[in-house]
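Mind looking over this structure? Questions follow.
The values are calculated or read from the model by the stated rules, or taken from the named source; none is laboratory data. As the structure is a prediction and not an experimental result, all values here were calculated from the model. When we count neighbours, we look across all protein chains shown, and the Cβ atoms used for this are built from the backbone with ideal geometry, even at glycine. Surface accessibility is based on the protein's heavy atoms, side chains included, excluding ligands, DNA and RNA. Shrake-Rupley method; radii C 1.70, N 1.55, O 1.52, S 1.80 Å.
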Amino acid sequence: MQLVVARIGRAHGVKGEVTVEVRTDEPELRLAPGAVLATDPATAGPLTIETGRVHSGRLLLRFAGVKDRTAAEALRNTLLIADVDPAELPEDPEEFYDHQLMDLDVVLADGTAIGRITEITHLPSQDLFIVERPDGSEVMIPFVEEIVTEIDLEEQRAVITPPPGLIDASEAVVASAREESASGSEAPGAKAEDA
């Protein structure tokens, strides 16, 4: 099975290094020197990692045969793809590969069906499940411990406890910084905020 493990960013310096946006929890395994990765578009690869280092919090890679800034810049936005054994699992039992989570049924703690996971979006702050509802609409569920309380791979389901308004907008609780006093005037020091 093939998994996207990184996206190549801009060139760094003049000797062929590139920044990469890491899309794996195991960069030391998937993006190690000597690793041979397929690419999307396929015409850019396969690429063999020659060196890797961290600079100012960003991973920099150099690939065999990429010796200057021009060649490095030509790889920008290329996806790096690793071949992974489908039976392989992350070391941490609380981590999951995207392919393990795709198509899981999403249910509330009481068993109420919400939909199924059709996509996983990786954002800098958290991951999001894109869940297709039975009516064809979609809802985004943040993949955080407070909301996604259980992943049961045997039962092929994700159990969630969403806050009000996440699944049904009509249940949203709009918090306001304005507090009305008994006379109906604004409380001292209160500020209006957008909901």
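So how much slack lies between HIS122 and MET102, counting 0.36 nm per residue of separation and subtracting their Cα-Cα distance, in nm?
On the way: separation 20, 0.36 × 20 = 7.20 nm, distance 1.35 nm.
The HIS122-MET102 span can extend by a further 5.8 nm.
Mind giving me the nanometre distance, one decimal, between the label points for ASP168 and MET1, set 7 Å out from Cα along Cα→Cβ?
3.5 nm
Quick check: at a probe of 1.4 Å, how many percent of the accessible area of the stretch 1-111 sits on carbon and sulfur atoms? Don't skip to the end; give the middle numbers.
Numbers: 3150 of 6170 Å².
Of the solvent-accessible surface of the stretch 1-111, carbon and sulfur hold 51 percent.
If I take R0 = 22 Å and measure r between the Cβ atoms of GLU145 and GLU21 in this structure, what FRET efficiency does the formula 1/(1 + (r/R0)^6) give, to the nearest 0.05? Please list the in-between numbers first.
Numbers: r = 24 Å, r/R0 = 1.09.
Computed FRET efficiency for GLU145 and GLU21 comes out at 0.35.
Taking R0 as 30 Å, what's the FRET efficiency between ARG133 and GLU154 from their Cβ-Cβ distance, rounded to 0.05?
E between ARG133 and GLU154, to the nearest 0.05, is 0.80.
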